[in-house]
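One structure is given below, encoded as structure tokens.
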Amino acid sequence: MPRRVQLSCVALLLLVVACVAGPMLLQRDPTAIGDVLAQRYAAPLATDATGVWHLFGTDAFGRDVLARLLLAGRLSLLVGVAGAVLSGFTGALLGVLAGWRAGWMDMLITAAADMLQAIPRLVLLLACAALWRPGIPTLVTVLALTGWMGVARLVRAEVQGLVQRDFVAAALALGASPKRLLALHVLPNAIAPVLVATTLGIGSAIMLESGLSFLGLGVQPPSPSWGNMIAGGREHLVTAPWIALAPGLAVVITVTAATLIGDWLQERAAGQARG
Amino acid sequence: MAHLLRRFGTAFILLWLVCTLTFALVHSAPGDAALLLLPPEADAATLARLRADLQLDAPLLQQYLRWLGNIARGDLGTSLATGRPVTESVAAALPVSMGLGLSSLLLTVLLGVSMGSAQARRAGSPADTALTVLSTTLYSAPTFWLSLAAVAAVTVGAASLGIPPKWRLPAFALRDPGVLHDGAAMLDLLRHAVLPVLVLALTGAAGVARFARSAIVEAARGDVRRTALGKGLTTRAAWTRHVVRVALPSIAALVALSVPGIVAGSVFVEGVFAWPGMGKLLLTAVAQRDHPVILAVTLLYAAAVIVTNLLTDLVLPFLDPRRGRA
């Protein structure tokens, strides 16, 4: 495992632990607004007028940026992972169906994938978010519905190759049912592209979530998410740049780590295929 | 020829499918346009009249067919927010977006391919790893956040460094987009374009460099390089004239695949820099729940992707040096 992948794993692990445990340990309500005038715009590493120290400073309402960042991380990571895993699952399912059952099922799934891939994912997300009520369930559903096509394509090609192999014929000859055959013999051999795509998908889902929340179409305030925190810091870019800087860095670190790990998994999978 | 016709046929069917999907999407949304347009105190009779005006009371199939017919004739409907034809706003926004999109695409490809090629030549070296981490980081940074950082840099940053206002880059407020009467307007446009083009090109190039590197590494594994070196070419010539050229078709195919991503980036960039193109139009329409505009912009973006893919498919064979000159 190269050094950069090790570092990425450590960074992601630390981030997840901090986001899960942080809000419990910090003893500060990240959404509560206290003495605004005394506490707002404290710079990172500074103490505000009430004598409280803030590692990442405070925002326009005097809320601690670090506490909000960690709470926001829970939502952003949850939405990102849920969106990517659901996309991967849907893609694997539809890919197996399309690859296994040639004919109208294959045609239908391929046409749907072509259609959805022709519309830029962000545009599709924007249209959906504008039409339905914004919120976390909508966000995860739409992420899953717009993210399955790549995985489905890869799995379909993989399954089409696998069903021609001797071990599949052997399993059939031994009387395995199609369900058993798919679950125990075909799917495990087609799982590598699903894992790679899901890992890479976490990064893009987190990025899309932050984008939609930045536009006010994703996670709704007062619940913090990295995207809506950046949106909140936009007006104070000149006087208090740390409000937008901190959540942006959190997105960059998370997505970079997920992408580096995904790339490495992909290289390994390609290396194994080459033999 | 038959292949060509079939390719055009599938592109056309795809376009129709996308039209149907977007129509279904808009019509499955809760609430209807008439309710959005009227003030809450409006009575049932006004609502019914407006619904009749907007032809929302017709059966869905009839609405769909009429809408499809209008699109075929180039009529994209009327904006709910401004009451003006959508074609008008699109005609104003499209060239503005095209200018931004095409110039950043050009820069993206140039920067991305040369960076990928430089990395592939030194594959496995510390410089390669450093560039991989750098490009992955840039690729992972949200474009809207980078745009905000660029705005902060040219405003507060430049001021704190004591750069005189004359030399600073403008962040927003492009005066008359699309109208270029004289050199001063041209200069104004160019000055405003620097930051959005730079943000788009840097993030795009980071993505292109990532796959250009692996495509070129793959090409260098083949016999092309050994043969070129064997016939006495310098390392440099063997690399640029043979290895990179062999990788070019797959790079071109992947660049075409990344067009939706560039579109997505440009939506945010146009939003942050107040660049009056299609992305800004879409964001405004989304904020105002202006369904006809959302539909039209979505369709146009999809059409752009489908046409790009079609063109790439047609041009790709000619890029491959192994094809020969038949």
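The values are calculated or read from the model by the stated rules, or taken from the named source; none is laboratory data. What you are looking at is a predicted structure, and each value in this text was computed from that prediction instead of being measured. FYI the Cβ positions are ideal-geometry reconstructions off the backbone, even for glycines, and counts take in every protein chain you see. These accessible areas exclude ligands, DNA and RNA; they are computed on the full protein's heavy atoms, side chains included. Shrake-Rupley method; radii C 1.70, N 1.55, O 1.52, S 1.80 Å.
Here is how the numbers come out for the structure above:
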quantity: Span from the the stretch B:71-134 Cα centroid across to the the stretch A:1-63 one, whole angstrom; calculated: 35
quantity: The stretch B:50-113: trypsin sites (Lys or Arg not before Pro) in DSSP coil with no more than 13 other Cβ atoms inside 10 Å; calculated: B:73
quantity: Gain upon complete extension [residue B:53, residue B:154; 0.36 nm per residue less C-alpha separation]; calculated: 31.4 nm
quantity: The protein assembly as shown - mean residue ellipticity at 222 nm from DSSP helices (-39,500 (n - 2.57) per run, n ≥ 4, rounded to 500); calculated: -23500 deg cm²/dmol
quantity: Share of carbon and sulfur in the accessible heavy-atom surface of the protein assembly as shown [1.4 Å probe, %]; calculated: 68
quantity: Residue-averaged beta-carbon neighbours from other chains (10 angstrom radius) around B:130-140; calculated: 5
quantity: D (Stokes-Einstein, µm²/s), Kirkwood Cα radius, the protein assembly as shown, 1.306 mPa s at 10 °C; calculated: 60
quantity: Chain B, relative contact order in percent, only Cα pairs under 8 angstrom and at least six apart counted; calculated: 27
quantity: Using alpha-carbon coordinates, inclination of helix A:191-214 to the longest axis of chain A, degrees; calculated: 30
quantity: Between helix B:126-140 and chain B: long-axis angle, C-alpha atoms, 0 to 90°, nearest 10; calculated: 0
quantity: Length-normalised contact order of chain A in % [C-alpha pairs under 8 Å, at least 6 apart]; calculated: 23
quantity: Alpha-carbon centroid distance for the pair the stretch A:108-129 / the stretch B:257-326, whole angstrom; calculated: 13
quantity: Volume per residue that the Cα convex hull of the stretch B:90-323 spans, once the total is divided by residue count, Å³; calculated: 160
quantity: Calculated on alpha-carbon atoms, Rg and Dmax of the stretch B:1-121 in Å; calculated: 21.5, 73
quantity: Taking the C-alpha atoms of chain A, convex hull volume expressed per residue in Å³; calculated: 152
quantity: Loop sites in the stretch B:258-326: trypsin sites (Lys or Arg not before Pro), DSSP, at most 16 other Cβ within 10 Å; calculated: B:325
quantity: A versus B: buried accessible surface, summed, Å² (probe 1.4 Å, to nearest 100); calculated: 3700
quantity: Calculated diffusion of the stretch A:32-109, Stokes-Einstein form, Kirkwood radius summed over Cα pairs, 20 °C and 1.002 mPa s, µm²/s; calculated: 135
quantity: Å² per residue, accessible surface of the protein assembly as shown at 1.4 Å; calculated: 49
quantity: Cβ-derived FRET efficiency at R0 22 Å, residue B:84 paired with residue B:45, nearest 0.05; calculated: 0.25
quantity: Alpha carbon Rg of the stretch A:121-275, scaled by the compact-globule rule 2.2 N^0.38 Å; calculated: 1.39
quantity: Over the stretch A:1-158, equivalent-ellipsoid semi-axes from the Cα gyration tensor in Å; calculated: 43, 20, 11
